[in-house]
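Report on the following structure.
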Amino acid sequence: MDKTYQPEKIENQWYQTWEERGYFAPKGEGDPFCIMIPPPNVTGSLHMGHAFQHTLMDALIRHRRMKGDNTLWQVGSDHAGIATQMVVERNLANDEGKTRHDLGREGFLDKVWEWKEQSGGTITSQMRRLGTSVDWDHERFTMDDGFYKAVQEVFVQLHDEGLIYRGKRLVNWDPKLHTAISDLEVENVEENGHFWHFRYPLMNGQTTTEGKDYLVVATTRPETMLGDTAVAVNPEDERYQHLIGSSVRLPLVNREIPVVADEHADPTMGSGCVKITPAHDFNDYAVGQRQKLTLINILTPDAAIRETAEVFNADGTPNHEVDGSMPAAYAGLNRFDARERILADLEAEGLLHQTEKHTLKVPRGDRSGLIIEPLLTDQWFVATKPLAEPAIKAVENGDIRFVPEQYANMYFAWMREIQEWCISRQLWWGHRIPAWYDAEGNVYVGRNEAEVRDKYSLSADLSLEQDEDVLDTWFSSALWTFGTLGWPEDTERLRTFHPTSVLVTGFDIIFFWVARMIMMTLQFMKDEDGTPQVPFKDVYVTGLIRDEHGDKMSKSKGNVLDPMDMIDGISCEDLVAKRTANLMQPQLAEKIAKNTRKEFPEGIQPHGTDALRFTLAALASTGRDINWDMKRLEGYRNFCNKLWNAARYVLMNTEGEDCGVGSEPIELSLADRWILSRLQTCIEETNSHFDQYRFDRIAHTVYEFLWNEYCDWYLELSKPVLYDDNETPERKRGTRRTLVQVLETVLRLAHPLMPFITEEIWQRVAPLAGVSGETVMLQPYPEPNPDLKDAEAESDAEWVKGVVEAVRNIRGEMNISPAKALPVLCRNGQERDRKRLEANRTFLASLAKAESIEWLDGQEAPLSATQLVGDMEVLVPMANLIDKDEEIARLSKEVEKLDKEITRLDGKLSNDGFIQKAPEEVVEKERHKLQDARNHRERLDDQLEKIRAL
RNA sequence: AGGACCGUAGCUCAGUUGGUUAGAGCGCUGCCUUGACAUGGCAGAGGUCGGUGGUUCGAAUCCACUCGGUCCUACCA
């Protein structure tokens with residue numbers, strides 16, 4: 001073995017072997033255990049969040065696979081409608097200077113598929129690099145024919161049950177992407193703006209109670225006034241009672257619009273009058289529906305002012321009575337220019353009453369960044385309320401469990417206020433809506449045109465056009481758990497693996513994805529007796545990986561870390577180049593480059609996959625934010641090196657030797673029995689942490705055992721046995737056997753977190769431990785063996801460690817070289833101390849580097865430095881070695897500590913309440929502590945006196 | 001406005017149902033290249049657990065209030 005751990009030499013090769021040998025596929029027996037991968041964007045690349053979640057999923061899968069379950073980790077990717085279409089459109093513009101319209105729908109879709117072929121392999125090869133043991137043979141893509149079948153089936157069934165419908169509604173419209181988006185895809189950002197107060201003249205000589213001949217309305221969006229169809233006042237508002245039913249003249253347009261009474265108007269805000277623009281504001285739309293107001297759409301799909309407005313009745317049917325003509329001055333202006341012109345014109349007419357500054361929440365599209373426009377369009381919707389009800393119950397009654405459970409609150413809050421879901425998108429890339437129209441606009445829904453004709457008894461010569469729109473990507477990903485397993489076919493995989501076991505995902509997509517998956521699955525997946533199936537039993541919700549300052553990693557901030565760079569390393573300049581390439585705002589490049597050079601002057605060293613995975617697991621605590629820490633990564637890379645070198649030591653001392661797994665007799669030392677006992681605890685804890693999804697504790701438990709117990713103590717304790725010619729062959733065999741068996745077990749224990757290094761070492765260690773098999777991946781996961789628990793060995797070993805530490809402490813505090821052998825004296829102990837001393841002389845001599853260890857029976861001790869182990873004093877004679885003042889200082893420090901302790905315990909024990917009310921065992925424990933502390937104090941005092949007397 | 005989460009060592013974070021001397025990694029100080037490992041070993045320094053009040057024999061842990069930070073949902077004519 002190499003002297004240092006070099007991950008790049010082992011990782012790729014093992015992954016290839018595993019994949020070739022088919023280890024990742026379900027083995028077909030055992031309890032089913034299934035995880036559905038949250039499908040990454042097919043054209044994306046692996047980011048830290050993926051690396052994090054994939055690590056945890058892989059750990060779960062490998063754990064259960066080793067436990068003997070029939071495990072399936074279903075892999076696949078998502079077509080990511082808007083995101084992908086945007087990328088391809090941008091490439092098209094950059095490379096050929098063309099738009100998608102130049103190519104036409106078919107031509108453009110060919111381009112998208114081309115792009116998918118070209119870039120789709122990026123993320124899968126990165127996943128392989130990360131060691132993910134997914135079932136590649138059944139990889140799925142949401143645009144697969146089979147998956148499309150599932151999408152169509154769901155659409156048609158929901159439609160036929162009346163849960164999907166089409167209608168003219170106000171939706172969130174992205175004027176750049178030219179599509180509707182759901183309310184979840186809108187980000188409300190606080191921005192500076194204004195309130196503009198307008199005067200709308202009253203008609204027919206009416207006046208307000210104050211004698212004014214106009215009403216004042218305020219708006220943050222003046223341009224919408226062109227589409228106003230009413231002014232609302234509160235029905236309780238006395239100021240305006242007499243005006244309800246009268247009219248105002250809409251300025252600029254000169255349309256007569258009514259004053260209506262509606263609760264929406266808040267008498268305490270502004271003038272108490274509200275302009276109502278039902279076609280351009282969600283609240284006003286609701287007012288319009290209540291008051292049966294006309295809808296006047298003044299905007300084009302680009303959000304520019306129309307030449308002539310579109311007019312509809314409240315029910316969405318075209319209205320031919322109201323004149324839609326608009327002032328010519330604004331036609332074609334974009335909404336911002338139109339705003340300026342309208343303000344100027346109103347001011348010129350003396351109708352701009354007041355202007356005030358105001359901060360408001362501006363809705364922006366999460367993809368385009370543009371201000372979203374509420375726009376009246378024909379769209380498809382899912383009636384979510386009936387679907388939400390069982391979905392809420394499934395979590396309430398525990399069929400689905402959120403981990404950590406506080407995320408259930410988030411889920412409930414959203415589900416109980418759920419809005420209808422707009423599922424149509426005016427895009428080309430996606431699942432085309434299975435609906436057809438005749439020339440009169442009648443809608444027919446079916447799986448294909450032929451079925452539609454049959455279903456609706458349409459004549460063969462009736463010409464039908466399929467709906468141009470596609471479905472929201474989340475509509476298809478909502479079917480992920482069962483669509484990937486073959487539904488609507490009744491497949492073996494579906495029967496075996498659905499409901500799935502656990503979903504691992506981020507809290508940021510609970511609404512987008514988790515909630516919708518639950519709704520859809522309960523609706524479509526039923527047991528044979530008709531009971532709805534949940535998509536998964538547990539939802540393990542992860543935090544979000546942020547940079548070391550707690551900022552979200554983003555391209556525009558230039559703080560993105562690529563998991564592949566953690567693994568393979570990257571030079572400073574390459575990292576700068578990567579971070580500054582393809583920026584949306586190129587002016588940021590300089591700052592990003594500067595910060596990057598400052599933070600990573602040496603670039604990033606390679607750390608290997610196992611170190612990255614171990615770090616991610618160790619960071620996976622229950623918090624919502626997880627700050628990345630490069631130092632942690634280094635620490636766990638060192639841990640890998642530690643494991644590597646421990647294995648090197650074990651192999652050096654066992655290969656070619658009798659490791660006691662045959663028939664030769666063996667004898668176990670105290671150290672052997674101790675480490676085997678500790679190992680059982682480690683196994684117990686690891687398994688229990690796995691059951692609770694506490695990956696941080698798994699990592700900690702394994703780390704602690706391997707480094708602080710196995711390496712720091714056990715390997716050192718094995719040396720005196722192996723290196724001493726006087727030791728019996730039985731004892732040597734016992735030690736060798738323990739060395740290899742414990743290591744082999746730890747390798748299995750750690751394998752789910754660090755698959756590569758464990759496999760590499762296991763291959764060499766397993767035969768020595770008498771274990772055969774092709775791979776550690778398919779070995780049984782360790783289970784604790786109660787027979788190996790040995791309380792006596794543990795307490796004896798603690799005693800040995802105590803004596804060693806006592807001598808080391810004296811050494812350390814006195815600055816005595818570890819190379820210098822010291823004479824050690826013991827006295828005042830009990831019989832048990834003597835026995836322990838006699839039984840463990842060689843261990844003590846070796847670990848404490850003691851030249852001699854003598855028991856003092858009444859003889860006068862030479863002046864010494866002292867440490868206490870229980871009642872026993874451990875003395876190191878001072879002759880020439882130890883400085884008097886330093887020893888006084890050291891002992892005084894100890895005494896001070898003890899005094900504090902004594903005061904604290906004394907206070908506690910002289911409290912009657914404590915004595916009476918605390919459990920007897922707690923009181924007893926405290927009494928013991930006090931007794932011990934007093935004894936120690938006394939001994940140290942004696943010692944101090946002697947040294948001072950010198 | 002409603003809700004959630006966070007505040008523990010210089011930094012990043014653990015701390016399971018209230019009972020240890022409050023822990024880890026990194027950083028820091030001192031000694032050491034001893035035949036697995038300097039990506040290392042040994043020893044050590046460092047915290048009145050955001051604040052106040054309460055419940056309790058006992059609070060980092062439970063309750064109330066409060067300060068600071070993050071986020072989600074809703075609304076703002």
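Inside the stretch A:887-922, can you point out the residues that are more than 10 Å from RNA strand B (Cβ to nearest atom), of a type in the set (A, V, I, L, M) and open to solvent by 50 Å² or more (accessible area, probe 1.4 Å)? Of everything in the stretch A:887-922, just one residue is more than 10 Å from RNA strand B (Cβ to nearest atom), of a type in the set (A, V, I, L, M) and open to solvent by 50 Å² or more (accessible area, probe 1.4 Å), namely A:ALA889.
Determine, yes or no, whether A:GLU709 is open to solvent by 20 Å² or more (accessible area, probe 1.4 Å) and without any contact (Cβ under 8 Å) to a residue 60 or more places away in the chain.
Yes, satisfied.
Residues of the stretch A:546-563 that are more than 17 Å from A:LYS598 (Cα to Cα) and open to solvent by less than 20 Å² (accessible area, probe 1.4 Å): A:PRO563 alone.
When A:ARG401 is tested against (1) modelled with pLDDT of 90 or more; (2) at negative phi; (3) within 27 Å of the chain's Cα centre (by Cα); (4) open to solvent by less than 20 Å² (accessible area, probe 1.4 Å), only condition (4) is not met. Listed here are the helices (runs of 4 or more DSSP H) enclosed by the stretch A:565-628 that have at least 2 residues being at negative phi and surrounded by fewer than 16 Cβ atoms within 10 Å (Cβ to Cβ): A:572-580, A:589-599.
The rows are residues; the columns are (1) at pLDDT below 90; (2) within 22 Å of A:LEU177 (Cβ to Cβ); (3) of a type in the set (Lys, Arg).
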{"site": "A:ALA331", "(1), (2), (3)": "yes, no, no"}
{"site": "A:ILE342", "(1), (2), (3)": "no, no, no"}
{"site": "A:PRO374", "(1), (2), (3)": "no, yes, no"}
{"site": "A:ASP378", "(1), (2), (3)": "no, yes, no"}
{"site": "A:GLU396", "(1), (2), (3)": "yes, no, no"}
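Quick check on the stretch A:646-653. Is at least one of its residues within 13 Å of RNA strand B (Cβ to nearest atom), open to solvent by 30 Å² or more (accessible area, probe 1.4 Å), farther than 19 Å from A:LEU715 by Cα and out of contact with any Leu (no Cβ under 6 Å at 6 or more places or on another chain)? Scanning the stretch A:646-653, I find no residue that is within 13 Å of RNA strand B (Cβ to nearest atom), open to solvent by 30 Å² or more (accessible area, probe 1.4 Å), farther than 19 Å from A:LEU715 by Cα and out of contact with any Leu (no Cβ under 6 Å at 6 or more places or on another chain), so the answer is no.
Within the set of pairs 6 or more residues apart or between chains, which connect a residue that is open to solvent by 50 Å² or more (accessible area, probe 1.4 Å) inside the stretch A:924-949 to a residue that is part of a helix (DSSP H, G or I) with Cβ atoms less than 6 Å apart? Pairs that qualify, where the first residue is open to solvent by 50 Å² or more (accessible area, probe 1.4 Å) and the partner is part of a helix (DSSP H, G or I), are A:LYS929/A:LEU905; A:ARG937/A:LEU898.
Can you list the helices (runs of 4 or more DSSP H) lying wholly within the stretch A:826-945 that have 1 or more residues being of a type in the set (Val, Ile, Thr) and in contact with a helix residue (DSSP H, G or I) (Cβ under 7 Å, 6 or more places away or on another chain)?
It comes to A:841-847, A:884-909, A:912-917.
Whether any residue in the stretch A:500-514 is farther than 24 Å from A:ALA611 by Cβ, charged (D, E, K, R), at pLDDT below 95 and assigned to a helix (DSSP H, G or I) is what I want to check. Checking the stretch A:500-514: at least one residue is farther than 24 Å from A:ALA611 by Cβ, charged (D, E, K, R), at pLDDT below 95 and assigned to a helix (DSSP H, G or I). Of the listed requirements (1) part of a helix (DSSP H, G or I); (2) open to solvent by 10 Å² or more (accessible area, probe 1.4 Å); (3) within 15 Å of RNA strand B (Cβ to nearest atom); (4) β-branched (Val, Ile, Thr), A:ILE816 misses just one: (1). Identify, please: which residue in the stretch A:629-643 is closer than 30 Å to A:ARG737 by Cβ and within 8 Å of RNA strand B (Cβ to nearest atom) and is, among those, surrounded by the fewest Cβ atoms within 10 Å (Cβ to Cβ)? Top of the filtered list is A:ASN638. Restricting the stretch A:295-330 to residues that are open to solvent by less than 40 Å² (accessible area, probe 1.4 Å) and among the small types (Gly, Ala, Ser) leaves a set whose member that is farthest from A:MET225 (Cα to Cα) is A:GLY316. The criterion of at least 2 residues that are more than 15 Å from RNA strand B (Cβ to nearest atom) is met, among strands (runs of 3 or more DSSP E) falling completely within the stretch A:208-282, by A:247-250, A:255-261. Does A:ARG62 count as touching a Ser or Thr at 6+ places or on another chain (Cβ under 7 Å), surrounded by 16 or more Cβ atoms within 10 Å (Cβ to Cβ) and among the basic types (Lys, Arg)? So A:ARG62 passes the test. A:CYS682: more than 10 Å from RNA strand B (Cβ to nearest atom) and either within 41 Å of the chain's Cα centre (by Cα) or surrounded by fewer than 19 Cβ atoms within 10 Å (Cβ to Cβ) (or both), yes or no? Here the answer is yes, as A:CYS682 does meet what is asked. Just one of A:ASP529, A:ASP469, A:ASP538, A:ASP508 is within 16 Å of RNA strand B (Cβ to nearest atom) and acidic (Asp, Glu); which is it? Exactly one residue qualifies, and that residue is A:ASP508. Taking the residues in the stretch A:1-48 that are more than 27 Å from A:THR496 (Cβ to Cβ), open to solvent by less than 20 Å² (accessible area, probe 1.4 Å) and in a helix (DSSP H, G or I) as candidates, determine which candidate is nearest to RNA strand B (Cβ to nearest atom). Applying the filter and picking the extreme gives A:PRO7. Looking only at the stretch A:177-192, residues that are of a type outside the set (A, V, I, L, M, F, W, C) and surrounded by fewer than 15 Cβ atoms within 10 Å (Cβ to Cβ) come to 6 in all.
Quick check: is even one residue across the stretch A:159-166 more than 16 Å from RNA strand B (Cβ to nearest atom), under 30 Å from A:LEU370 (Cα atoms), open to solvent by less than 50 Å² (accessible area, probe 1.4 Å) and not in a helix (DSSP H, G or I)? Yes; the residues of the stretch A:159-166 include at least one that is more than 16 Å from RNA strand B (Cβ to nearest atom), under 30 Å from A:LEU370 (Cα atoms), open to solvent by less than 50 Å² (accessible area, probe 1.4 Å) and not in a helix (DSSP H, G or I).
Among the residues of the stretch A:692-721, what is the count of those that are more than 24 Å from A:LEU739 (Cβ to Cβ) and either near RNA strand B (Cβ under 7 Å from one of its atoms) or not polar (S, T, N, Q) (or both)?
Final tally of qualifying residues: 5.
Just one of the listed residues (A:ASN840, A:ASN828) is open to solvent by 30 Å² or more (accessible area, probe 1.4 Å) and in contact (Cβ under 8 Å) with a residue 12 or more places away in the chain, namely A:ASN828.
The values are calculated or read from the model by the stated rules, or taken from the named source; none is laboratory data. Because the structure is a prediction, the values reported are computed rather than measured. Backbone-built Cβ (ideal geometry, glycine too); neighbour counts: all protein chains shown. Note: areas computed on protein heavy atoms with side chains; ligands, DNA, RNA excluded. Shrake-Rupley method; radii C 1.70, N 1.55, O 1.52, S 1.80 Å.
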